[in-house]
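Notes to accompany the following structure.
The values are calculated or read from the model by the stated rules, or taken from the named source; none is laboratory data. Being a predicted model, the structure only gives us computed values, none of them experimental. Neighbour counts are summed over all protein chains in view; Cβ atoms, including those assigned to glycine, are modelled from backbone coordinates with ideal geometry. Each accessible area value is taken on the protein alone, full model and side chains, heavy atoms only, with ligands, DNA and RNA left out. Shrake-Rupley method; radii C 1.70, N 1.55, O 1.52, S 1.80 Å.
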Amino acid sequence: IINNINVGEMFGESYIAPESGALLNDVVAIKDSTAIFFDVNRIIKTCSSACRFHSMVVQNLFFELSRKNKKLIQKLGHMSKRTTREKLLSYLSEEAKQQNSASFSIPFNRQQLADFLSVDRSAMSNELSKMRDEGILTFEKNKFRLL
């Protein structure tokens, strides 16, 4: 799992360049979804009237690419940790920080979290239990509290 995409967010933006080729990843929808495809040439080339709307679309695309790049860098930071515990603490700490609370929910179940962090699910579950027993955190399903 590379990322979790919510309603209104985009995917596949890394493939807007003409020579980028086919998607290298699968996209799986958890719920019924609709995907909208844009003609990239109509977005990256300004229209003859240089309208305000067009400028906003280009600006929003640029900012979204920047946001997605930052999320990928954060994920690399989590995955670059050596141990499962370090990966978990890195990810969970980042989620707590982003949600501005020691209690927070994550968008993944256990298998998805293990896939996202590239760790074995059973080893990850064992590590979560150890951290709970050590008083580092509490959890129930996808809800966590850092202590």
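Does any residue of segment 125-140 turn out to be in a loop (DSSP other than H, G, I, E, B) and of a type in the set (S, T, N, Q)?
Narrowing segment 125-140 to residues in a loop (DSSP other than H, G, I, E, B): 134-136.
Now drop any that are not of a type in the set (S, T, N, Q), which leaves none.
The answer is no; no qualifying residue exists.
If we scan segment 100-109, do we find a residue that is open to solvent by 40 Å² or more (accessible area, probe 1.4 Å) and in a helix (DSSP H, G or I)? Steps first, please.
As a first pass, look at segment 100-109 and keep what is open to solvent by 40 Å² or more (accessible area, probe 1.4 Å): 100-103, 105, 107, 109.
Filter once more, keeping what is in a helix (DSSP H, G or I): none.
Checked against the condition, which is being open to solvent by 40 Å² or more (accessible area, probe 1.4 Å) and in a helix (DSSP H, G or I), segment 100-109 yields no hits at all.
So, of the residues in segment 40-50 that are among the β-branched types (V, I, T) and either over 17 Å from E9 (Cβ atoms) or at pLDDT 85 or above (or both), which turns out to be surrounded by the most Cβ atoms within 10 Å (Cβ to Cβ)? Even if it seems obvious, please write down each step before you answer.
So in segment 40-50, the residues among the β-branched types (V, I, T) come out as 40, 43-44, 46.
Narrowing further to those that are either over 17 Å from E9 (Cβ atoms) or at pLDDT 85 or above (or both): 40, 44, 46.
Numbers: V40: 15, I44: 13, T46: 11.
For segment 40-50, the residue satisfying everything is V40.
Does segment 67-86 include one or more residues that are open to solvent by less than 70 Å² (accessible area, probe 1.4 Å), more than 27 Å from N126 (Cα to Cα) and not in a strand (DSSP E or B)?
Within segment 67-86, one or more residues are open to solvent by less than 70 Å² (accessible area, probe 1.4 Å), more than 27 Å from N126 (Cα to Cα) and not in a strand (DSSP E or B).
Run down F62, F38, F116, F53 and say which single residue is more than 21 Å from the chain's Cα centre (by Cα) and part of a helix (DSSP H, G or I).
Values: F62 fails: more than 21 Å from the chain's Cα centre (by Cα); F38 fails: part of a helix (DSSP H, G or I); F116 fails: more than 21 Å from the chain's Cα centre (by Cα).
Going through F62, F38, F116, F53 in turn, just one is more than 21 Å from the chain's Cα centre (by Cα) and part of a helix (DSSP H, G or I): F53.
Kindly evaluate S90 against the criterion of being open to solvent by less than 80 Å² (accessible area, probe 1.4 Å), at pLDDT 85 or above and assigned to a loop (DSSP other than H, G, I, E, B). If you could, list the steps in order and put the result at the bottom.
Values: open to solvent by less than 80 Å² (accessible area, probe 1.4 Å): yes; at pLDDT 85 or above: yes; assigned to a loop (DSSP other than H, G, I, E, B): no.
No.
In the list F144, F63, F53, F139, which residue meets the criterion of being open to solvent by less than 40 Å² (accessible area, probe 1.4 Å) and of a type in the set (F, W, Y)?
Values: F63 fails: open to solvent by less than 40 Å² (accessible area, probe 1.4 Å); F53 fails: open to solvent by less than 40 Å² (accessible area, probe 1.4 Å); F139 fails: open to solvent by less than 40 Å² (accessible area, probe 1.4 Å).
Criteria check complete, one pass: F144.
Read through the list (1) of a type outside the set (F, W, Y); (2) at pLDDT below 95; (3) in contact with a Ser or Thr (Cβ under 7 Å, 6 or more places away or on another chain), then give the number of the only condition that A123 fails.
Among (1) of a type outside the set (F, W, Y); (2) at pLDDT below 95; (3) in contact with a Ser or Thr (Cβ under 7 Å, 6 or more places away or on another chain), the lone unmet condition for A123 is (2).
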